[in-house]
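Structure first, then comments.
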């Protein structure tokens, strides 16, 4: 089974422009993410795929592998699909460029889903983290996921789900934006039109659900800080500096 990692990386970001080139404990956010993914030693190849000369040159200058997109794309998954369409691979993992705390343990659990899926029933796998803090649960930058009894995703939302109508024992999971796709599922996904749920919440993972693609969710306890705001970057810098 040939497995690669692709890190889609746009320079522009509406909430935090240029965030991937910001300093994170002496290195850029995108380089930190690339190095963390590479150091897991789980992949045959790791690439950054980008529309930005700045990001492309940053990775190449530091000995990494990068690909320039040929077209404009609506999502990271679309960007990756362009890059892998003619590659001889089985599984591609989409590691978000603003997730520098990617760790081997979580990625290993994600890939294990496919190694044990002998009937090839699972199209996509992704990660989730249990949340207890009410501010985190109510923060729309944290995408929540609800799952069925077999840990398949039922819905993703920026709103707190499930809604606690009464005193509740509800469990809340934060979706971590790392996906593993079978190649054929990724190519199928990118040919599907954006649906009203995806357009409403601005979450491409709702396109999976709306079109019957089964998303297996894997629980992890890894630190999950996506760099969505300057405050996130400040928090991430403190974590890095405390662990250096």
Check: Is there any pair linking a residue in region 12-38 that is in a strand (DSSP E or B) to one that is crowded, with 21+ Cβ neighbours inside 10 Å, with Cβ under 7 Å and at least six apart or on different chains, and which?
Finding: 24/32; 24/100; 24/236; 28/20; 28/58
Margin query: Out of everything in region 113-134 that is more than 22 Å from residue 204 (Cα to Cα), loosely packed, with under 13 Cβ neighbours inside 10 Å and in contact with a strand residue (DSSP E or B) (Cβ under 9 Å, 6 or more places away or on another chain), what residue ends up being modelled with the highest pLDDT?
Written below: 132
Item checked: Unmet criterion (only one of (1) within 24 Å of residue 11 (Cα to Cα); (2) touching a strand residue (DSSP E or B) at 6+ places or on another chain (Cβ under 9 Å); (3) assigned to a loop (DSSP other than H, G, I, E, B)) for residue 194 -> (2)
Notebook entry, point to check: Here are 99, 58: which of them is assigned to a loop (DSSP other than H, G, I, E, B) and touching a strand residue (DSSP E or B) at 6+ places or on another chain (Cβ under 7 Å)?
Noted result: 99
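Name the one entry in 192, 203, 213 that is closer than 18 Å to residue 80 by Cβ and free of Cβ contacts under 8 Å to residues at least 24 places away in the same chain.
Numbers: 203 fails: free of Cβ contacts under 8 Å to residues at least 24 places away in the same chain; 213 fails: free of Cβ contacts under 8 Å to residues at least 24 places away in the same chain.
Exactly one of 192, 203, 213 is closer than 18 Å to residue 80 by Cβ and free of Cβ contacts under 8 Å to residues at least 24 places away in the same chain, namely 192.
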Next item on the list: Take residue 137 and decide whether it is assigned to a helix (DSSP H, G or I), in contact with a strand residue (DSSP E or B) (Cβ under 9 Å, 6 or more places away or on another chain) and surrounded by 17 or more Cβ atoms within 10 Å (Cβ to Cβ).
Entry: yes
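The values are calculated or read from the model by the stated rules, or taken from the named source; none is laboratory data. Small disclaimer: the values here were computed from a predicted structure and weren't measured. Every residue, glycine among them, receives a Cβ derived from its backbone with ideal geometry; neighbour counts consider all protein chains shown.
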